[in-house]
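**Student:** Have a look at this one.
Nothing in this text is a laboratory measurement; each read-out follows from the coordinates by a stated rule. Model, not experiment: these values are computed from the prediction. For neighbour counting, all protein chains shown are included, and Cβ atoms are generated from backbone atoms with ideal geometry for every residue, glycine included.
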Amino acid sequence: MKTVLFAFLIFISANVMSQEYAPGQTWEYKTRDTEKSSKLTILKVEKYDDLGEVIHIRIDQVKMINPIKGNEITDIPHLPFKKKALDSSITKFKGMETVPDFQEGYDTWKAAYDEGQAGAFETTVKETLEALLGAEWIEKEGA
């Protein structure tokens with residue numbers, strides 16, 4: 001009986017942790033200590049044979065310094081995540097909002113993906129933001 005109950009609890013936990021995402025949803029997530037009010041917005045949900053389900057998100061109310069220009073970055077208009085990484089990141093559904101424009105970031109990502117040069121993040125949102133701080137940034141031509 002204990003085994004059946006334990007298996008049932010694991011099944012329920014897995015189903016609660018796995019979300020169905022839709023454009024316009026806003027979520028709280030496991031943030032960095034300096035960004036407790038940060039939120040993410042679901043922009044687009046797609047399925048790819050090689051990546052599985054990819055959820056494109058926007059992150060608002062972050063605190064990062066652009067290493068090229070020195071200005072503060074308070075939002076990231078587009079980042080692609082694998083579903084499992086996003087499931088591990090979110091903490092609370094906030095509501096629905098109009099999907100902000102993300103076409104430029106998406107088009108840049110999609111072109112790189114089509115060339116085999118891009119994928120989707122498998123790390124949590126928090127871990128991804130921390131990695132971006134340590135990354136080598138390159139200024140986009142014409143920016």
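**Student:** Condition first: touching a residue at least 12 places away in the same chain (Cβ under 8 Å), small (G, A, S) and touching a Phe, Trp or Tyr at 6+ places or on another chain (Cβ under 7 Å). Can you find one or more residues in region 51-74 that meet it?
**Tutor:** Taking every residue of region 51-74 in turn, none turns out to be touching a residue at least 12 places away in the same chain (Cβ under 8 Å), small (G, A, S) and touching a Phe, Trp or Tyr at 6+ places or on another chain (Cβ under 7 Å).
**Student:** Give me a count of the residues in region 82-96 that are out of contact with any helix residue (DSSP H, G or I) (no Cβ under 7 Å at 6 or more places or on another chain) and either of a type in the set (D, E) or within 16 Å of K39 (Cα to Cα) (or both). Full working, then the answer.
**Tutor:** Narrowing region 82-96 to residues out of contact with any helix residue (DSSP H, G or I) (no Cβ under 7 Å at 6 or more places or on another chain): 82-86, 88, 90-96.
After this cut, where a residue has to be either of a type in the set (D, E) or within 16 Å of K39 (Cα to Cα) (or both) as well, the list is 85-86, 88, 90-96.
The total comes to 10.
**Student:** Out of the residues in region 86-113 meeting the condition of being polar (S, T, N, Q) and within 15 Å of the chain's Cα centre (by Cα), tell me which one is farthest from V125 (Cα to Cα). Walk me through how you get there before you give the answer.
**Tutor:** Taking region 86-113 first, the residues polar (S, T, N, Q) are 88-89, 91, 98, 103, 108.
Within this subset, residues satisfying the condition of being within 15 Å of the chain's Cα centre (by Cα) are 88-89, 91.
Working: S88: 9, S89: 6, T91: 12 Å.
Per the criteria, the residue is T91.
**Student:** Could you please tell me which pairs satisfy a Cβ distance under 8 Å, a separation of 6+ or placement on different chains, a first residue in region 84-112 that is surrounded by 12 or more Cβ atoms within 10 Å (Cβ to Cβ), and a second residue that is part of a strand (DSSP E or B) and acidic (D, E)?
**Tutor:** Short answer, once both residue conditions are applied: I90/E28; K94/E28.
**Student:** Another one. Report the residue count in region 107-122 for those that are touching a Lys or Arg at 6+ places or on another chain (Cβ under 9 Å) and within 21 Å of K84 (Cβ to Cβ).
**Tutor:** Filtering region 107-122 for residues touching a Lys or Arg at 6+ places or on another chain (Cβ under 9 Å) gives 108, 118-122.
Narrowing further to those that are within 21 Å of K84 (Cβ to Cβ): 118-122.
Of the residues in that region, 5 qualify.
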